[in-house]
1. Between a first residue in the stretch 1-29 that is in contact (Cβ under 8 Å) with a residue 40 or more places away in the chain and part of a helix (DSSP H, G or I) and a second residue that is among the aromatic types (Phe, Trp, Tyr) and open to solvent by less than 70 Å² (accessible area, probe 1.4 Å), which pairs have beta carbons less than 9 Å apart while being 6 or more apart in sequence or on different chains?
2. Glu51 versus (1) part of a loop (DSSP other than H, G, I, E, B); (2) exposed (fewer than 10 other Cβ atoms within 10 Å of the Cβ): which is the lone unmet condition?
3. When you scan the stretch 9-32, how many residues do you find that are open to solvent by 30 Å² or more (accessible area, probe 1.4 Å), aliphatic (A, V, I, L, M) and in contact with a strand residue (DSSP E or B) (Cβ under 9 Å, 6 or more places away or on another chain)?
4. Any residue that is without any contact (Cβ under 8 Å) to a residue 24 or more places away in the chain and part of a strand (DSSP E or B) - is there at least one of those in the stretch 63-72?
Amino acid sequence: MDKFVDALGEMCPIPIIKAEKALRKLGPKDTVVLETDHSCSIQSVTKHFEEKYNYSCSIEEIDVGIWHIKITKA
């Protein structure tokens, strides 16, 4: 199951907080897709979830300056 989280216009730590809230409601192997327009969020979000939870993360630029960060629970 995928959950979409809109974090457009949000600066850290808000995207991390929103993603953590969404991930708590999901089971193992489920995914949150976080949409952001802040390039600094890419590194901080992926680092947080990979290092703290060992979740896998992938990044895709879907439009100029807009990214989807896919976070999959372990």
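1. These pairs meet every condition: Ala19/Phe49; Leu23/Phe49; Leu23/Tyr55.
2. All conditions are met except number (1).
3. The number of residues fulfilling the criteria is 0.
4. Taking the stretch 63-72 first, the residues without any contact (Cβ under 8 Å) to a residue 24 or more places away in the chain are 63-64.
Filter once more, keeping what is part of a strand (DSSP E or B): 63.
Yes, the conditions are met somewhere in the stretch 63-72.
The values are calculated or read from the model by the stated rules, or taken from the named source; none is laboratory data. Remember, it's a predicted structure, so these values are computed and weren't measured experimentally. Neighbour counts run over all protein chains shown; Cβ positions are idealised from the backbone, glycine included. Ligands, DNA and RNA are stripped out before the accessible areas are found, and what is left, the full protein with its side chains, is counted by its heavy atoms. Shrake-Rupley method; radii C 1.70, N 1.55, O 1.52, S 1.80 Å.
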